[in-house]
Amino acid sequence: MTEHINPDDARRLLREVDPDDILVAARMHYPSGIHDEWIATLEELMWFLQPASDRDIPGVSIEGMASWVEDAVGDKTLAEAIRACENEHENFVDACEAAYYKTEARVSYLQKQAQRSMA
Amino acid sequence: MAEEATHFGYMGKILHIRLDRLDYEVIPTEKYKQWGGGHGMGSALFWDYCEDKTIQDGRDPKNVCIVAASPFSGTPTPSAGGRCEVVGVGVGLQPIGWFTRSNFGGRFSSMMKYAGWDAVMVSGKAPYPVWVDVRNDAVKIHKAKPLWGKSTKEAQEMIIGFVGKEGNNWGWDRMPSDRGVEYTTKKPAVLCIGPAGENQMAQAALIHESSNGAGQGGFGAVWGSKNLKAISFIGTQAVKIADPAALVEARFATKELYAADPEKPDAAFWGPMNSPAKPVMSIALPTDKARVSACHGCINGCRGIYNLGYGNQNHCNVTSFYAHHAQRWAKGDRIEASKITLQAGSICNELGLNTYPLKHGLPWLWYLHKKGILGKGKQIHTDIDFSKMGSVEFAKAFLHALAYGEDIGKELAYYGFVPTAIKWGREEDWKSGRLKFTYWGMPEHGYDPRAELEWGYESLVADRDMNSHCINWIFWHVNVATLRGIRPRIDAGTLAKLVTDKMKPWVSSDNALNYATENMYSDDVMDLARWHLFYTRYWKNSGLLCDFRWADLFNSKHPELQGATASEEAGEHIFWNAITGENLSFNDGIRRGQRIYHLDNAIWTLQGRRRDMLKFADYIYDRPFDKGHFPFYMWPVKNEKGEWIYRDVMHRSHNRKKMEEWKTRFYTKEKLDPKTGWPTEETLKAYDLGFAEAELRAHKKLGGVS
């Protein structure tokens, strides 16, 4: 994910998607239940994926998440990076954690680029 | 001694508050022991004392509401001593307010028994707001003018202060007693409503202390309609145990054989008693200055007490309904989001609001707001600022509107989300599953009936979301293992055998746990659902065993992976018999549950239930289950070769025609009229419900021969 993103594109990728395009995912809090989450931005995806306790697991398919990033958000680069996590890790939880770090780095970069345009 | 022996586990009296007459009567418990306690006792009392069972709104003054304990209440039975059941005609269900149930924990049921009562029943409507003050045998009905309008927290504080001042000295309260002068340092246990109940909102709950709430069924509105603010119990008696040594022995057996050892943590433990006491929350622990808290006599301790001044005892859905929105508002700061969530939960508790409809209701409102449909001056006007959703400020404004019937709260909270969606011209949102209210106008609990079959079937043939996790633990253990890439601790075939062996003779084959698509509507899976329905009706809703602990169908601590359920060391009936002195078998209890179910069905029949009303929301049939982009829902299935495996059971939907066939077979098996679902003469005979025949016949609701 090293390609240059111009400020306008960064802002576009960080935008809130249309409510009809949100990513419906879920958190699995053992044993309190499964709770839906409605993810509308890349930043929200990052918060959702952030590793928490061992009783708190993101409930989202890696491919479903990558497709949303590609189709709804429009970030093909991050989508491919997320897809790669599934192949690079033996289990879902580790893949999600890796996807978090990829997303965090991407969001951080996009925010930096977006702020540049405003300065 | 003979007289005392008849009351082992029971106190021998039921309190009937006649609100319209502002007096009370004492009903002997003896006649109602055959129903166990809790739900069964409540259903039987409802049958006997509700003179018009055709009422369709819990706010009707003819409604009768029963709050019942069980023989376990007030005893050291693990995870059972503090639960309490509420029954009566509810508010806010669809298409009418069914006779329904709710349940809460804490210490209300135990204190009710220490005051000498097995249940309290309220009938009629008081001419003005009142509260009921019970101190042992002394029962007073006070005017509630100073309490009316107060939050549940303020009302409880005022009652506790009043009861204290009435005594000798605070801390040592003199208690009325026929055994001479007695004193207690205990505080009364209070069950009350907040403003939501006073305003008769369908979303109104009964609240005891903090976050012990009977939320489902709108019983807060029932009490509000009766001008009943609170009932307080304090007592100095004890529950007589038939065989104390057997009770202690079963407790030790529980610890030795079935409970996780906190000294030896086992992350891959399979079974419900799998961790040391810890708050059950869907958010981060908001502070390191916290301790666990538990209901009376419980060994699990699933609630938290914090140094924050809010959030105490909030758990489960109270910690989740606002969590996602708070996280968005706090920009991912989990501690801040946790604090906001706990404050929102505490506001609900104080206003006396059920949080469950908000779990799926709030995201729907957020969607309408984002689409520009809901907002100031929009198609659906509101002065509530939805751009601040996730903040404490929004929570205060929105929840206040729900409790007081202001703004959009007037429709949402009084009628419920589904009728409001229809009124707003958004019925399609309900049909499509955007508004996920799956059955009877109630929100999905988290477990979709397209995957979790028993949950759906049992909810459909009853009156509300089932909310009984006995079988559901399988989902958790298998899925968490799969997500972590760990080999499941118990293989699918062994698990199926362990679980279904506990269900004999109700199920005849381990195929009952085969949730494969081609087996969804089989008699075997139906038998599993029937077993679980009746198990829950008796052991959990009537015996009041806690849902977080029971049933224990498999347990990785046990050398043979056996759970405590039905065991001769620490099974449900072992505790029951130790306390009551009965000789009840585990399956006797389930047969009692079946009888209770059929009594409930007789009440629903009189209320106007028809076979065609038993249906899921449309999206359950019309759309495959994908829970957004949820990864998978692993469950034991038999593969094409007949081998047991764990397989993803998502991406399927229910079939209307096959569900209709299923209903016919269910009715036939239960000796109900397959055309209507009504009880028949054969039903009444089979389940010893002959007393219901005359009333059913008088209303022309006795079904034909099945």
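Could you say whether any residue in segment B:377-389 is within 20 Å of A:SER53 (Cα to Cα) and of a type in the set (Ser, Thr, Tyr)? Working first, answer last.
Pass one, segment B:377-389, residues within 20 Å of A:SER53 (Cα to Cα): none.
The answer is no; no qualifying residue exists.
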Can you name the residue in segment B:605-626 that is surrounded by fewer than 20 Cβ atoms within 10 Å (Cβ to Cβ) and of a type in the set (Lys, Arg) and is also farthest from the chain's Cα centre (by Cα) among such residues?
B:ARG623
So, in segment A:71-82, of the ones that are closer than 15 Å to A:MET46 by Cα and within 14 Å of chain B (Cβ to nearest Cβ), which residue ends up surrounded by the fewest Cβ atoms within 10 Å (Cβ to Cβ)?
A:ALA79
Some residue of segment B:37-44 being in a helix (DSSP H, G or I), crowded, with 19+ Cβ neighbours inside 10 Å, at pLDDT 95 or above and polar (S, T, N, Q)
yes
Please give the helices (runs of 4 or more DSSP H) falling wholly within segment A:1-83 in which 3 or more residues are out of contact with any Lys or Arg (no Cβ under 7 Å at 6 or more places or on another chain) and within 19 Å of A:TYR109 (Cα to Cα).
A:7-14, A:42-49
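How many residues are assigned to a loop (DSSP other than H, G, I, E, B) and over 17 Å from B:GLY40 (Cβ atoms) when one looks only at segment B:675-689?
We begin by selecting, within segment B:675-689, every residue assigned to a loop (DSSP other than H, G, I, E, B); these are B:675-678, B:680, B:687-689.
Right, trim to over 17 Å from B:GLY40 (Cβ atoms) and you get B:675-678, B:680.
Adding up the residues that qualify gives 5.
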Do we find that B:SER346 is over 27 Å from B:GLY197 (Cβ atoms) and not in a loop (DSSP other than H, G, I, E, B) in this structure?
no
Subset of segment B:282-309 [outside any strand (DSSP E or B) and within 16 Å of B:GLY213 (Cα to Cα)]:
B:ALA294, B:CYS295, B:HIS296, B:CYS302
From the option list B:GLY92, B:GLY38, B:GLY97, B:GLY88, single residue qualifying as over 18 Å from B:LYS226 (Cα atoms) and under 19 Å from the mean Cα position of the chain (by Cα) is B:GLY38
Near pairs, Cβ below 8 angstrom, 6+ apart or cross-chain, from segment B:346-365 (touching a residue at least 60 places away in the same chain (Cβ under 8 Å)) to any residue that is basic (Lys, Arg) and in a helix (DSSP H, G or I):
B:ASN349/B:LYS153; B:GLU350/B:LYS153
If A:GLU90 passes every condition in (1) surrounded by fewer than 21 Cβ atoms within 10 Å (Cβ to Cβ); (2) out of contact with any Gly (no Cβ under 7 Å at 6 or more places or on another chain); (3) within 8 Å of another protein chain (Cβ to nearest Cβ); (4) closer than 30 Å to B:PHE269 by Cα but one, which one does it miss?
(2)
Only one of (1) at the interface with chain B (Cβ under 8 Å from one of its Cβ atoms); (2) surrounded by fewer than 19 Cβ atoms within 10 Å (Cβ to Cβ) fails for A:TRP47. Which number is that?
(2)
If you take the residues in segment B:471-491 that are among the polar types (S, T, N, Q) and in contact with a strand residue (DSSP E or B) (Cβ under 8 Å, 6 or more places away or on another chain), which one is farthest from B:VAL649 (Cα to Cα)?
B:THR482
Under 7 Å by Cβ, and 6 or more places apart or on different chains, what pairs join a residue from segment B:166-194 that is part of a loop (DSSP other than H, G, I, E, B) with one that is surrounded by 22 or more Cβ atoms within 10 Å (Cβ to Cβ) and at pLDDT below 75?
B:GLY167/B:ASP173
Are any residues in segment B:521-545 over 14 Å from B:GLU458 (Cβ atoms) and surrounded by fewer than 23 Cβ atoms within 10 Å (Cβ to Cβ), and if so, which ones?
B:TYR521, B:SER522, B:ASP523, B:ASP524
Pair list, Cβ < 6 Å and 6+ apart or interchain, from segment B:464-493 residues that are farther than 23 Å from B:PHE616 by Cβ and more than 14 Å from chain A (Cβ to nearest Cβ) to residues that are of a type in the set (A, V, I, L, M, F, W, C) and crowded, with 21+ Cβ neighbours inside 10 Å
B:ARG489/B:TRP270; B:ILE490/B:TRP270
Identify, from the list B:LYS359, B:LYS376, B:LYS371, B:LYS388, the residue that is over 31 Å from the mean Cα position of the chain (by Cα), basic (Lys, Arg) and within 14 Å of chain A (Cβ to nearest Cβ).
B:LYS371
Starting from segment B:275-288, keep only residues that are within 13 Å of chain A (Cβ to nearest Cβ), then list their pairs with residues that are of a type in the set (Lys, Arg) whose Cβ atoms are within a distance under 8 Å, requiring at least 6 positions of separation or different chains.
B:PRO279/B:ARG303; B:VAL280/B:ARG303; B:SER282/A:ARG27; B:ILE283/B:ARG334; B:ALA284/B:ARG334
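Results for (1) under 30 Å from B:VAL478 (Cα atoms); (2) over 25 Å from the mean Cα position of the chain (by Cα); (3) modelled with pLDDT of 95 or more, shown as yes or no for each residue.
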site: B:ILE603; (1), (2), (3): no, no, yes
site: B:GLY628; (1), (2), (3): yes, yes, no
site: B:ARG656; (1), (2), (3): yes, yes, yes
site: B:LYS675; (1), (2), (3): no, yes, yes
Going residue by residue through segment B:644-667, is there one that turns out to be away from every other protein chain (no Cβ under 14 Å), surrounded by 18 or more Cβ atoms within 10 Å (Cβ to Cβ) and among the small types (Gly, Ala, Ser)?
no
Conditions: (1) in contact with a Cys (Cβ under 8 Å, 6 or more places away or on another chain); (2) at pLDDT 95 or above. B:HIS315 meets all but one. Number of the miss?
(2)
Is at least one residue of segment B:111-118 buried (at least 18 other Cβ atoms within 10 Å of the Cβ), closer than 30 Å to B:GLY40 by Cα and out of contact with any Phe, Trp or Tyr (no Cβ under 8 Å at 6 or more places or on another chain)?
yes
Selection status of B:LEU498, assigned to a helix (DSSP H, G or I), within 18 Å of the chain's Cα centre (by Cα) and more than 14 Å from chain A (Cβ to nearest Cβ):
no
Test set (1) over 30 Å from B:ASN467 (Cβ atoms); (2) in contact with a Ser or Thr (Cβ under 7 Å, 6 or more places away or on another chain); (3) not hydrophobic (A, V, I, L, M, F, W, C) - A:HIS35 fails condition number
(1)
Any idea which of (1) outside any helix (DSSP H, G or I); (2) of a type in the set (Lys, Arg); (3) modelled with pLDDT of 95 or more is the one B:ARG487 doesn't satisfy?
(3)
Exactly one condition in (1) closer than 20 Å to B:LYS289 by Cα; (2) away from every other protein chain (no Cβ under 14 Å); (3) among the β-branched types (Val, Ile, Thr) is not met by B:THR341; state its number.
(2)
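The values are calculated or read from the model by the stated rules, or taken from the named source; none is laboratory data. Because the structure is a prediction, the values reported are computed rather than measured. Quick reminder, even Gly has a Cβ in these numbers, built from the backbone with ideal geometry, and neighbours come from all protein chains shown.
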